[in-house]
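Contents: one structure, followed by commentary.
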Amino acid sequence: MENCIFVVMETENGAVKNVGFEMITPAKEIAAAKNLKTVAVIIGNDVDEAAKQAGNYGADAVITVDAPAYKTYASDEYTSVLTTLAEKYKPEAIFIGATPNGKDLAPRVAVKLNTGCAADVTAMKLNDEGKIAFTCPVYGGTILAENVVETVPQMATVRGGAFKKAEPSETSVEIICEDEITLKAEDIKTKIVDVVKEISEAVNLEDADVIVAGGRGMGSPENFALVKELADLLGGVVGATRAPIESGWISRAHQIGQSGKIVAPKLYIACGISGATQHVTGMVGSDYIIAINKDEDAPIFDIANVGIVGNVLQVIPAMIEEIKKMRA
Amino acid sequence: MEILVCVKQVPDDSVKIGLNASGAPAIDGVTMVANAFDTYALEMATRLKEANEGTITVVAIGPEKAKDALKSCLAVGASKAYLVSNEGLENMDSLATSYVLSKAVSKIEELNGAKFDLVFCGKETTDCTTGMVGPELAERLGVGCVTGIVDISLKDGGISVKQETEEGYNTVETAIPAVVTVNKPEYDPRYPTMKSKMAARKIPIDVITGADLGLEADKTAPAVKVTALSEPPKKQAGVKINEKTFEDTMAKAMEVLKEAKVF
Ligand SMILES: Cc1cc2nc3c(=O)[nH]c(=O)nc-3n(C[C@H](O)[C@H](O)[C@H](O)COP(=O)(O)OP(=O)(O)OC[C@H]3O[C@@H](n4cnc5c(N)ncnc54)[C@H](O)[C@@H]3O)c2cc1C
């Protein structure tokens, strides 16, 4: 398998996280131009289905390392497995989803392989020298840096939602099963003693066509329910700024922005959101933005297609009424 | 408990930074501050120190003026500070930064006459946001690492931390020494008092140079090179509707939205 690109798929209870499938798309483009194979790498437990799916989404081959020890992400174990695979297969590039786990894994592997890693990649292309030019947002997304990794493998963590996954098509893909690597006791430095799932809802902001997001201006958890009501009416998903999450009105699975999800729905409705850079950077790519804010100078209006100056507690219910009337 | 907190001085993150006429980040005149996540790390370290005992040292790699960030740390929990001069080290990537920090850790341990039990880093910086320096440093030091923690306590001679995950959190235990990176906890960093600021001003900040650390040149060269900078395409502001009455505003808004076939 010389000459390949590794696309590392993170799984949760055997299911691949979306960003894994999404990364296959740019990997294949680069692989085609450079005559490389796109190889999905899955470290986990009970990942047969995940491996098949990786093929359906376009991977040329899949390497699995399947063992109970890998059921949930464990930093020391995953670091050793991915490092070992990279040393064996010598990929030209390694893409890892920029999830909390991916961002834990990538830098550790980068040191082991003594290579550079571009972080939070939102776009990539081949440059004239045949290297991958990665686009990475810096300064909260107000500047885009084009980064080239001079060393090999060219590592990158890739933001969820930055690339579109392919339409899956039934394919039979070559699956290589690699052995579990048993670490020496002294090499396992951290131990997860408890896993708490507080956030049970699946919040799929990246794939949503419509997002209705609420900010501090919603005022209270009760009022925040209006955001949900409008989202439900439009068949959309609820988003939030950091403020209502810190106040405990909604779980952080809904956070949009620099420390949350990057989204680009067809319609984004920002309710009681000021438009701080750290938030805007996560939603500015939306096709159509409606902003509701009582402060006519709120920066969110600078990027809105339609800005409604008014109180969210009046505007949202009225908007809900109007939409219901239109549909009646 | 000997604690090191790594701090980077960055431009104020509430200021929108674009490119200047020569195509570089327009940070001239922007107030420089300690990176937000590093201040969370320092606050967490300070609480740990207060609940147990110990000393907190802060270190920054940067120019002379980065001493200001260190001074602000000395006023809210740290009692010693070192500046690693970035002369000749201006273009480092995370990999190189973690290398220099790992060398600085040994040097500071020598100067302090004590080994560190814990190294705290912010989860990421607000300027480059790679989030890689902490885990890379752990890897270089060959110690345990937990990223994105929001709480910490001592347990059985090691530490027990609360690590944020996408679905909730993990409780993770690790032996000491270890490196942790800190996410935004439930609390905010404390403010300095007049008195603590005065006291901080009296603490000398020693400068460590690249030569003091005996750095290997090839390891301080960036593996990740910035080949271009650009601003994302500006989104044009559309219409802003602000009529005399709420009813008029709503009517106009719905008209525009229907016209655009949004609903
Ligand atoms: C390192 C770092 C990372 C961060 N990451 C993120 C991130 O990922 N995502 C994120 O969102 N933030 C993030 N933030 C926080 C960010 O800087 C802002 O503080 C946050 O986005 C503000 O949220 P907001 O707009 O809801 O609140 P505010 O800025 O307080 O704005 C509230 C708005 O509501 C309006 N309003 C109030 N009442 C009403 C009403 N009745 N009707 C209509 N309008 C009303 C006000 O006019 C105001 O404009 C980060 C900050 C830092 C330092």
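The values are calculated or read from the model by the stated rules, or taken from the named source; none is laboratory data. The structure displayed is predicted, hence computed values, not measured ones. No Cβ is skipped: glycine too gets one built from the backbone with ideal geometry, and neighbour counts run over all protein chains shown.
Out of all the residues in the stretch B:172-189, is one or more more than 9 Å from chain A (Cβ to nearest Cβ), over 21 Å from the mean Cα position of the chain (by Cα), over 20 Å from A:ASP187 (Cα atoms) and in a loop (DSSP other than H, G, I, E, B)? No: zero hits. Do we find that B:ARG140 is more than 10 Å from chain A (Cβ to nearest Cβ), of a type in the set (Lys, Arg) and out of contact with any strand residue (DSSP E or B) (no Cβ under 7 Å at 6 or more places or on another chain) in this structure? So B:ARG140 does not fit the description; no.
What are the residues in the stretch A:204-228 that are within 9 Å of the ligand (Cβ to nearest atom) and either within 12 Å of another protein chain (Cβ to nearest Cβ) or of a type outside the set (D, E, K, R) (or both), if any? Hits for the stretch A:204-228 are A:ALA213, A:GLY214, A:GLY215, A:GLY217, A:MET218, A:GLY219, A:ASN223. Step by step: first the residues of the stretch A:229-260, then only those that are of a type in the set (D, E, K, R) and more than 10 Å from chain B (Cβ to nearest Cβ), then the one that is nearest to the ligand (Cβ to nearest atom). Which residue is that? So the residue we want is A:GLU229. Hey, among the residues in the stretch A:155-177 that are in a strand (DSSP E or B) and buried (at least 17 other Cβ atoms within 10 Å of the Cβ), which one's farthest from the other protein chains (Cβ to nearest Cβ)? Of everything passing the filter in the stretch A:155-177, A:ILE175 is farthest from the other protein chains (Cβ to nearest Cβ). Checking each residue in the stretch B:204-220 for being part of a loop (DSSP other than H, G, I, E, B) and surrounded by 15 or more Cβ atoms within 10 Å (Cβ to Cβ) picks out only B:LEU215.
Which count do you get for residues in the stretch A:210-229 that are surrounded by fewer than 24 Cβ atoms within 10 Å (Cβ to Cβ) and out of contact with any Leu (no Cβ under 9 Å at 6 or more places or on another chain)? The total comes to 9. Condition check for A:ALA276 on (1) away from the ligand (no atom under 13 Å from the Cβ); (2) of a type in the set (A, V, I, L, M); (3) within 21 Å of the chain's Cα centre (by Cα); (4) within 11 Å of chain B (Cβ to nearest Cβ): one failure, at (1). Being within 11 Å of chain B (Cβ to nearest Cβ) and either aliphatic (A, V, I, L, M) or under 17 Å from B:VAL224 (Cβ atoms) (or both) is the requirement here; does A:LEU82 meet it? Judged against the criteria, A:LEU82 is not a match.
Answer with yes or no whether A:GLU180 is within 30 Å of B:ASN91 (Cα to Cα) and surrounded by fewer than 18 Cβ atoms within 10 Å (Cβ to Cβ). No, not satisfied. Kindly establish whether B:THR129 is assigned by TED's automatic domain parsing to the domain that holds B:LEU42, without any contact (Cβ under 8 Å) to a residue 12 or more places away in the chain and within 16 Å of the ligand (Cβ to nearest atom). Yes. Residues in the stretch B:159-184 that are within 16 Å of the ligand (Cβ to nearest atom) and touching a residue at least 40 places away in the same chain (Cβ under 8 Å): B:THR181, B:VAL182, B:ASN183, B:LYS184.
Among residues that are in contact with a helix residue (DSSP H, G or I) (Cβ under 9 Å, 6 or more places away or on another chain) and free of Cβ contacts under 8 Å to residues at least 40 places away in the same chain, B:VAL15 is included.
For the stretch A:279-303, filtered to residues that are under 28 Å from the mean Cα position of the chain (by Cα) and more than 20 Å from B:VAL15 (Cα to Cα), the residue that is nearest to the ligand (Cβ to nearest atom) is A:ILE292. Among residues that are of a type in the set (A, V, I, L, M, F, W, C) and more than 16 Å from the ligand (Cβ to nearest atom), A:ALA162 is not included. In summary, B:MET254 fulfils each of the numbered conditions (1) assigned to a helix (DSSP H, G or I); (2) more than 7 Å from chain A (Cβ to nearest Cβ); (3) in contact with a helix residue (DSSP H, G or I) (Cβ under 9 Å, 6 or more places away or on another chain) with the single exception of condition (2).
Taking the stretch A:1-28 only, how many residues are under 19 Å from A:LYS90 (Cβ atoms) and of a type in the set (Asp, Glu)? Residues that pass the stated criteria total 1.
Tell me, please, whether a residue that is closer than 30 Å to A:LYS197 by Cβ, charged (D, E, K, R) and either in contact with a helix residue (DSSP H, G or I) (Cβ under 6 Å, 6 or more places away or on another chain) or assigned to a loop (DSSP other than H, G, I, E, B) (or both) can be found in the stretch B:224-233. Checked against the condition, which is being closer than 30 Å to A:LYS197 by Cβ, charged (D, E, K, R) and either in contact with a helix residue (DSSP H, G or I) (Cβ under 6 Å, 6 or more places away or on another chain) or assigned to a loop (DSSP other than H, G, I, E, B) (or both), the stretch B:224-233 yields no hits at all. Restricting the stretch A:261-271 to residues that are more than 11 Å from chain B (Cβ to nearest Cβ) and surrounded by fewer than 24 Cβ atoms within 10 Å (Cβ to Cβ) leaves a set whose member that is nearest to the ligand (Cβ to nearest atom) is A:ILE262.
Within the stretch A:226-265, the residues that satisfy the criterion of being without any contact (Cβ under 8 Å) to a residue 40 or more places away in the chain and either part of a helix (DSSP H, G or I) or of a type in the set (Phe, Trp, Tyr) (or both) are A:LYS228, A:ALA231, A:ASP232, A:ARG242, A:ALA243, A:PRO244, A:ILE245, A:GLU246, A:TRP249. On inspection, A:TYR70 does not qualify as more than 14 Å from every other protein chain (Cβ to nearest Cβ) and either over 30 Å from B:ASN183 (Cα atoms) or free of Cβ contacts under 8 Å to residues at least 24 places away in the same chain (or both).
Tallying residues that are small (Gly, Ala, Ser) and within 23 Å of the chain's Cα centre (by Cα) within the stretch A:68-85 yields 2.
Of all residues in the stretch A:293-305, those satisfying the criterion of being at the interface with chain B (Cβ under 9 Å from one of its Cβ atoms) and surrounded by 22 or more Cβ atoms within 10 Å (Cβ to Cβ) are A:PHE301, A:ALA304.
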